[in-house]
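Peer 1: Once you've had a glance at the structure underneath, I'll fire off some questions.
The values are calculated or read from the model by the stated rules, or taken from the named source; none is laboratory data. Every value quoted in this text rests on a predicted model; they were computed, and no experiment measured them. All Cβ positions, even for glycine, are placed from backbone atoms using ideal geometry, and neighbour counts span all protein chains on display. Areas reflect the complete protein model, heavy atoms only, side chains present, ligands, DNA and RNA absent. Shrake-Rupley method; radii C 1.70, N 1.55, O 1.52, S 1.80 Å.
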Amino acid sequence: MISEEIIKKQIGQTLNGTDLKLGKKYKGKVRDVYEDGGKVFLISTDRQSAFDRSLAQIPFKGQVLTQTSAFWFEQTKDIVRNHIIDIPDPNVVAGKKLTVFPVEMVIRGYPTGVTETAAWTAYAKGERLFCGNVLPEGMKKNQKFPEPIITPTTKSEIHDEKISAEEIVEQALMTQEQWDHLADKTRKIFQRGQEIAARNGLILVDTKYEFGHDEDGNIYLLDEIHTPDSSRFWLKDSYEQRFSEGKEPENIDKEFLRLWFKENCDPYKDDVLPDAPEELVVELSKRYIQLYEMITGQEFDAEPGDVKERIEHNLREKKYM
Ligand SMILES: Nc1ncnc2c1ncn2[C@@H]1O[C@H](COP(=O)(O)OP(=O)(O)OP(=O)(O)O)[C@@H](O)[C@H]1O
Ligand SMILES: [Mg+2]
């Protein structure tokens, strides 16, 4: 595990954003995306977002996200082709620009969560039909579903809405054949993810995938896969015991940072937020790195220094700009 000193030293050199001469730019909550000809460049920044805004910058977070995704794309490429062309920098994926299906393929192995859109919230209210899935009676929170369920959402500018397979086909977001194909791939990728996670002491609880296609109709997995930002992980060793005692599973989570902001300001209303304390920023960086190391079974090879300069250098070197 990386030393605390290296993490602290990196605090002043994190990547908050980019301004590259690399085609059309789109700024997501965490990533900066550039479109250039037939390629997309997904640049993972170190931004930590919650409450729909940026809370802090976490050393090495962008590197962890990019390299976690890269690991999983490699581990699943026999199941489905993916968009990766090149990883020109530890924070950058160059992908094939594809036509993205306007649906996020969410898949869940356990009913959990506390937000309005969470599966457990719906179940606890008595809902037994969830995005076209009939849920079994008598489930407890965090109990494993007999089979993982696919609970798609529409991709929209404002907020994602639940939708069923039937509605997806009715609204012509996909053909029936495309849905069947993507649902099959979604189950297989999730199963592979759960197997690899389990070997490394983790439970892959739920996640979401995005798919797209090229001009010839070939299907690709794109965006990101099984990162701590797109997925929920629990620690496997303590799960059974804690579940039987009615306790929440252990995880390696960012919840403590959200709580600090809730206690120290009004993150929904205040124009300017206070700076997160250094120990919390360091703690979160450690957690991201720990997750990376558990997921991949490999030691994290931190690339300290000015991330922005390095990215520009690498993209120039590889003639992308
Ligand atoms: N190979 C690809 N071809 C075309 N578009 C892609 C490709 N890979 C990813 N994308 C798109 O790039 C965008 C990445 O945006 P990003 O996920 O960073 O922000 P967001 O989706 O707006 O917000 P959130 O942080 O909630 O995910 C997504 O719209 C995704 O569909
Ligand atoms: Mg996204």
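Peer 1: GLY95 is checked against (1) assigned by TED's automatic domain parsing to the domain that holds ILE289; (2) more than 21 Å from LEU182 (Cα to Cα) and fails just one. What number does that condition carry?
Peer 2: (2)
Peer 1: Going residue by residue through region 253-263, is there one that turns out to be under 30 Å from ASN82 (Cβ atoms), surrounded by fewer than 18 Cβ atoms within 10 Å (Cβ to Cβ) and in contact with an Asp or Glu (Cβ under 8 Å, 6 or more places away or on another chain)?
Peer 2: No, region 253-263 has no match at all.
Peer 1: Sticking with this one: Run down PRO274, PRO228, PRO267 and say which single residue is out of contact with any Cys (no Cβ under 8 Å at 6 or more places or on another chain) and over 24 Å from VAL106 (Cα atoms).
Peer 2: So the residue among PRO274, PRO228, PRO267 that is out of contact with any Cys (no Cβ under 8 Å at 6 or more places or on another chain) and over 24 Å from VAL106 (Cα atoms) is PRO267.
Peer 1: Something else now. Checking the conditions here, which among GLY23, GLY28, GLY95, GLY12 is among the small types (Gly, Ala, Ser), out of contact with any helix residue (DSSP H, G or I) (no Cβ under 8 Å at 6 or more places or on another chain) and touching a residue at least 24 places away in the same chain (Cβ under 8 Å)?
Peer 2: Step by step, each of GLY23, GLY28, GLY95, GLY12 is checked, and only GLY95 is among the small types (Gly, Ala, Ser), out of contact with any helix residue (DSSP H, G or I) (no Cβ under 8 Å at 6 or more places or on another chain) and touching a residue at least 24 places away in the same chain (Cβ under 8 Å).
Peer 1: Going residue by residue through region 192-207, is there one that turns out to be within 16 Å of the chain's Cα centre (by Cα), buried (at least 19 other Cβ atoms within 10 Å of the Cβ) and within 16 Å of ligand 2 (Cβ to nearest atom)?
Peer 2: yes
Peer 1: Answer yes or no as to whether ARG199 is in contact with a helix residue (DSSP H, G or I) (Cβ under 6 Å, 6 or more places away or on another chain) and more than 16 Å from ligand 1 (Cβ to nearest atom).
Peer 2: No.
Peer 1: Here's another thing I want to ask about it. For PHE256, state whether it is assigned to a helix (DSSP H, G or I) and more than 23 Å from the chain's Cα centre (by Cα).
Peer 2: no
Peer 1: Say we look at region 159-171 and pick out the residues that are more than 11 Å from ligand 1 (Cβ to nearest atom) and in a loop (DSSP other than H, G, I, E, B); which of these is farthest from ASN133 (Cα to Cα)?
Peer 2: The extreme case among them is GLN171.
Peer 1: How do the pairs read when you match residues in region 226-239 that are closer than 15 Å to TYR288 by Cβ with residues anywhere that are open to solvent by 40 Å² or more (accessible area, probe 1.4 Å), using Cβ under 7 Å and keeping only pairs 6 or more apart or on different chains?
Peer 2: Listed pairs, sorted by first residue: PHE233/ASN251.
So that you can scan it fast, the table gives a plain yes or no per residue for (1) in a loop (DSSP other than H, G, I, E, B); (2) assigned by TED's automatic domain parsing to the domain that holds THR66; (3) more than 22 Å from LYS77 (Cβ to Cβ); (4) at pLDDT 95 or above:
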{"residue": "HIS226", "(1), (2), (3), (4)": "yes, no, no, yes"}
{"residue": "ARG242", "(1), (2), (3), (4)": "no, no, yes, yes"}
{"residue": "GLU248", "(1), (2), (3), (4)": "yes, no, yes, yes"}
{"residue": "GLN298", "(1), (2), (3), (4)": "yes, yes, no, yes"}
{"residue": "GLU312", "(1), (2), (3), (4)": "no, yes, yes, yes"}
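Peer 1: I've got another one for you. From the list ASP216, ASP180, which residue is assigned to a helix (DSSP H, G or I) and open to solvent by 30 Å² or more (accessible area, probe 1.4 Å)?
Peer 2: After ruling out the rest, the residue left standing is ASP180.
Peer 1: Among the listed residues GLU278, GLU312, GLU283, identify the single one that is closer than 29 Å to ARG232 by Cα, in contact (Cβ under 8 Å) with a residue 40 or more places away in the chain and acidic (Asp, Glu).
Peer 2: Sole residue among the options that is closer than 29 Å to ARG232 by Cα, in contact (Cβ under 8 Å) with a residue 40 or more places away in the chain and acidic (Asp, Glu): GLU278.
Peer 1: Where in region 29-104 are the strands (runs of 3 or more DSSP E), entirely inside, with at least 3 residues that are more than 16 Å from ligand 2 (Cβ to nearest atom)?
Peer 2: Of the strands (runs of 3 or more DSSP E) lying wholly inside region 29-104, those with at least 3 residues that are more than 16 Å from ligand 2 (Cβ to nearest atom) span 53-57, 84-89, 92-96.
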